Amino acid sequence: MQRGADNDDGTEKLDGEYHTYPSQRMYANGATMCTSACYVLACAFAGDFSLRMPATLKQMDIIMQTASWVHAKLVQSANNESLFSVYHVIRAIHRPKDVRTTEVMGTVKPLPADFPAKFDDENDDACLVTDLRTFITSTQPGACALITLNFHTTLVLREQERDGTPGHYWHFDPLVAHMRRFRSVVDLMDYLSLTRIPARIAEFSGLLVARRQGG
């Protein structure tokens, strides 16, 4: 794909819906830092930083450098293991006080209507069980959804309403380093189904990142 002209905000424009950045592979330990990159971006978006989409090239570089540094610490602490789940990443990165997280697991296809949707583990941490479409649809404005499928994590961000106009959905993939805007959850799900969900994959894990109530 040819690289496009720059936007006024410092992002590189591919067309009206896309923005592109340097891939995670361009950073130290970058080949496997997708979850760290998505989580740092999610905290910047949902927390007091109130990062607006699309992030500028400079903002994204800071996010990716931070993720690279954190991922290096994870690798060092795990005897050079390089793949880490959401569980490990959120315990390695200090979460901003105004941000809350909820771990999610579920299926790509819809679950039965009577399937239990919430469990509490021995540490009293809530875990939601849902299907992918419900997870994305229920993500509130100003919140983010980390989605891990086939050992790769991407991020869905939902903008706040502006002047009575519903905010867009954005999808960020740190590996191909594209930020893509969607006007509806239907368009987003069609895109994910066609490009990000292999036919053999039946389950996903994820993380809901949102502003803490009263924050």
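Figure legend. Inter-residue proximity from region 65-83: first residues modelled with pLDDT under 90, second residues among the basic types (K, R) and open to solvent by less than 100 Å² (accessible area, probe 1.4 Å), beta-carbon distance below 6 Å, spacing 6+ or different chains. No pairs are indicated. Taking the criterion of being closer than 25 Å to R212 by Cα, open to solvent by 10 Å² or more (accessible area, probe 1.4 Å), in a helix (DSSP H, G or I) and out of contact with any helix residue (DSSP H, G or I) (no Cβ under 6 Å at 6 or more places or on another chain), the residues of region 45-85 that qualify are F45, Q59, I62. Just wondering, is there one or more residues in region 106-113 that are modelled with pLDDT of 85 or more, of a type in the set (S, T, Y) and either surrounded by 13 or more Cβ atoms within 10 Å (Cβ to Cβ) or closer than 24 Å to A143 by Cα (or both)? Yes; the residues of region 106-113 include at least one that is modelled with pLDDT of 85 or more, of a type in the set (S, T, Y) and either surrounded by 13 or more Cβ atoms within 10 Å (Cβ to Cβ) or closer than 24 Å to A143 by Cα (or both).
Here the condition is being open to solvent by less than 10 Å² (accessible area, probe 1.4 Å), under 23 Å from V89 (Cα atoms) and under 12 Å from the mean Cα position of the chain (by Cα); of L132, L155, it holds for L155 alone.
Restricting region 172-202 to residues that are charged (D, E, K, R) and assigned to a loop (DSSP other than H, G, I, E, B), the residue that is surrounded by the most Cβ atoms within 10 Å (Cβ to Cβ) is R196. Can you find a residue in region 87-99 that is over 15 Å from P174 (Cβ atoms), modelled with pLDDT under 95, open to solvent by less than 60 Å² (accessible area, probe 1.4 Å) and of a type in the set (D, E)? Yes; the residues of region 87-99 include at least one that is over 15 Å from P174 (Cβ atoms), modelled with pLDDT under 95, open to solvent by less than 60 Å² (accessible area, probe 1.4 Å) and of a type in the set (D, E). Among the residues of region 136-159, the one identified as closer than 20 Å to M60 by Cα and free of Cβ contacts under 8 Å to residues at least 24 places away in the same chain is R158.
With respect to S50, determine if the residue is small (G, A, S) and under 23 Å from Q140 (Cα atoms). Here the answer is yes, as S50 does meet what is asked. Among the residues of region 8-32, the ones that are over 25 Å from R183 (Cβ atoms), assigned to a loop (DSSP other than H, G, I, E, B) and at pLDDT 95 or above come to 3 in all. Among the residues of region 180-215, the one identified as over 13 Å from L132 (Cα atoms), in contact with a Phe, Trp or Tyr (Cβ under 8 Å, 6 or more places away or on another chain) and either β-branched (V, I, T) or modelled with pLDDT under 85 (or both) is V209.
The values are calculated or read from the model by the stated rules, or taken from the named source; none is laboratory data. Since the model is a prediction, treat every value here as computed from it, not as a measurement. Every residue, glycine among them, receives a Cβ derived from its backbone with ideal geometry; neighbour counts consider all protein chains shown. Keep in mind that these areas ignore ligands, DNA and RNA; they rest on the heavy atoms of the full protein, side chains included. Shrake-Rupley method; radii C 1.70, N 1.55, O 1.52, S 1.80 Å.
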